[in-house]
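Peer 1: The structure under discussion is supplied below as structure tokens; questions concerning it will follow.
The values are calculated or read from the model by the stated rules, or taken from the named source; none is laboratory data. Because the structure is predicted, anything quoted here is derived from the model rather than measured. Cβ placement follows ideal geometry from the backbone for every residue including glycine, while neighbour counts extend to all protein chains displayed. Side chains included, ligands, DNA and RNA excluded: accessible areas come from the protein's heavy atoms. Shrake-Rupley method; radii C 1.70, N 1.55, O 1.52, S 1.80 Å.
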Amino acid sequence: MKDVAKEDKPRLGKLLNDVRSAVTTALDERKAALQANADEAAFAGIDVTLPGTAHPIGTLHPITQLLDRTVAIFRRMGFALADGPDIETEWHCFDALNTPADHPARNEQDTFYLADGRLLRTHTSTVQIRTMEKTAPPIRIIAPGAAYRRDEIDATHLAQFTQMEGLYVDQGVSVADLKGTLEFFFRELFGPDAQFRFRPHFFPFTEPSYEVDIKASALGGKWLEIAGCGMVDPAVFEQVNTRRGDTAFDPEKWTGFAFGFGLDRLAMILTSTPDIRYFTDNDQRYLAQF
Ligand code: DAH
């Protein structure tokens, strides 16, 4: 433009503008035509007036829902989540938990053995040992997970079920702490009207040991045996010390409590499920109700 004579500038400027808008318009028209063709091709053969395919949003499994609630309550009391393998060594499942090979408790917890001698864990108490092997006290953990037994499958038994384990190790831990923790937990879960019975019992890995019965309107108002618990047996600490090669769990210094309970039966009661197999049949018509 700088070389154009002054009197020609307006005319030339207008001309250039006209060219630019002609090119732009042509480009836009072509783009729109191509897009229209592409849209037409995409919809070819599709009747957009037909109803679409529904994609229902899934629901969490009733046992998962119960598990999430239990984890949330224990978290409020400072318990951390811990984990361990489902395929376990005999030592983690039994020996370390003060249950030697000739102990009758092994009969009650028969399970599936692999050719190399490992087994499917019969309880989540194995995670107590797994945690103490790699962490020094104090310890405050919960371990939800699958457990396995060689049980006949019927309306109330499966070969795989779900347990929640807990372990608390610190200085000066007493039965009062154990009772307070479990009573708080179950009242949060089943309501303030829950009543408790701590019945003396035997577990190889706790001394003293108790079975906990609970009565709550949320659970049908009948006494139910709900959990096992007790004070960690010093023999368990000694097994862990030997494996660790130190005295991190000196039973003269540290005490602890442990507990374990199953989630399947509680989920059955809460959902009025008459047969435990409904939980694993994977019938969406049943499970999607919850
Ligand atoms: N492991 C036991 C079972 O499967 C439940 C249990 C009882 C766990 C007492 C514990 C405990 O930690 O202290 O039947």
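Peer 1: Give me a count of the residues in region 145-165 that are within 12 Å of the ligand (Cβ to nearest atom), open to solvent by 20 Å² or more (accessible area, probe 1.4 Å) and under 14 Å from LEU263 (Cβ atoms).
Peer 2: 3
Peer 1: Oh, and also: I'd like to verify a number: residues in region 227-262 that are among the hydrophobic types (A, V, I, L, M, F, W, C) and either at pLDDT below 95 or in contact with a Gly (Cβ under 6 Å, 6 or more places away or on another chain) (or both), how many?
Peer 2: 2
Peer 1: Restricting attention to region 91-110, which residues are at pLDDT 90 or above, of a type outside the set (Ser, Thr, Tyr), surrounded by 16 or more Cβ atoms within 10 Å (Cβ to Cβ) and in contact with a Lys or Arg (Cβ under 9 Å, 6 or more places away or on another chain)?
Peer 2: Of everything in region 91-110, those that are at pLDDT 90 or above, of a type outside the set (Ser, Thr, Tyr), surrounded by 16 or more Cβ atoms within 10 Å (Cβ to Cβ) and in contact with a Lys or Arg (Cβ under 9 Å, 6 or more places away or on another chain) turn out to be HIS92, CYS93, PHE94, ALA96.
Peer 1: Here are some residues: LEU114, LEU182, LEU120. Which one is closer than 26 Å to HIS61 by Cα and either without any contact (Cβ under 8 Å) to a residue 12 or more places away in the chain or open to solvent by 10 Å² or more (accessible area, probe 1.4 Å) (or both)?
Peer 2: That would be LEU120, the only listed residue that is closer than 26 Å to HIS61 by Cα and either without any contact (Cβ under 8 Å) to a residue 12 or more places away in the chain or open to solvent by 10 Å² or more (accessible area, probe 1.4 Å) (or both).
Peer 1: Moving on to the next point. Determine whether GLN239 is in a strand (DSSP E or B) and open to solvent by less than 70 Å² (accessible area, probe 1.4 Å).
Peer 2: no
Peer 1: Could you figure out which of (1) outside any helix (DSSP H, G or I); (2) surrounded by fewer than 16 Cβ atoms within 10 Å (Cβ to Cβ) isn't true of ILE226?
Peer 2: Here ILE226 meets the rest and fails (2).
Peer 1: Going through region 255-278 one residue at a time, which ones are of a type in the set (Phe, Trp, Tyr) and within 16 Å of the ligand (Cβ to nearest atom)?
Peer 2: PHE257, PHE259, PHE261, listed by residue number.
Peer 1: Still on this structure, please answer the following. So ILE142 passes all but one of these: (1) assigned to a loop (DSSP other than H, G, I, E, B); (2) hydrophobic (A, V, I, L, M, F, W, C); (3) within 11 Å of the ligand (Cβ to nearest atom). Which condition number does it fail?
Peer 2: If we test ILE142 against (1) assigned to a loop (DSSP other than H, G, I, E, B); (2) hydrophobic (A, V, I, L, M, F, W, C); (3) within 11 Å of the ligand (Cβ to nearest atom), just (1) comes out false.
Peer 1: Given (1) surrounded by 10 or more Cβ atoms within 10 Å (Cβ to Cβ); (2) over 30 Å from MET268 (Cβ atoms); (3) among the polar types (S, T, N, Q), where does THR53 come up short, assuming only one miss?
Peer 2: The single condition THR53 does not satisfy is (1).
Peer 1: Continuing with this model, one more query. Scan region 79-101 and report the pairs whose first residue is under 15 Å from VAL232 (Cα atoms) and whose second residue is open to solvent by 20 Å² or more (accessible area, probe 1.4 Å) and in a loop (DSSP other than H, G, I, E, B), with Cβ atoms within less than 7 Å and a gap of 6+ or a chain change.
Peer 2: Pairs that qualify, where the first residue is under 15 Å from VAL232 (Cα atoms) and the partner is open to solvent by 20 Å² or more (accessible area, probe 1.4 Å) and in a loop (DSSP other than H, G, I, E, B), are LEU97/PHE205; ASN98/PHE205; ASN98/ASP233.
Peer 1: Does any residue of region 270-283 turn out to be β-branched (Val, Ile, Thr), within 30 Å of LEU60 (Cα to Cα) and assigned to a helix (DSSP H, G or I)?
Peer 2: Within region 270-283 (the criterion being β-branched (Val, Ile, Thr), within 30 Å of LEU60 (Cα to Cα) and assigned to a helix (DSSP H, G or I)), the answer is yes, since at least one residue qualifies.
Peer 1: Same structure again: Please go through region 60-81 and give me each residue that is assigned to a loop (DSSP other than H, G, I, E, B) and open to solvent by 70 Å² or more (accessible area, probe 1.4 Å), ordered by number.
Peer 2: LEU60
Peer 1: Give me the residue from region 217-227 that is out of contact with any Asp or Glu (no Cβ under 6 Å at 6 or more places or on another chain) and without any contact (Cβ under 8 Å) to a residue 40 or more places away in the chain and, out of that set, farthest from the ligand (Cβ to nearest atom).
Peer 2: GLY221
Peer 1: Please enumerate the residues belonging to region 86-121 that are more than 16 Å from the ligand (Cβ to nearest atom), within 25 Å of PHE249 (Cα to Cα) and within 27 Å of the chain's Cα centre (by Cα).
Peer 2: THR89
Peer 1: Of the residues that sit in region 204-216 and are without any contact (Cβ under 8 Å) to a residue 60 or more places away in the chain and of a type outside the set (Ser, Thr, Tyr), which one is surrounded by the most Cβ atoms within 10 Å (Cβ to Cβ)?
Peer 2: Among residues in region 204-216 that are without any contact (Cβ under 8 Å) to a residue 60 or more places away in the chain and of a type outside the set (Ser, Thr, Tyr), the one surrounded by the most Cβ atoms within 10 Å (Cβ to Cβ) is ILE214.
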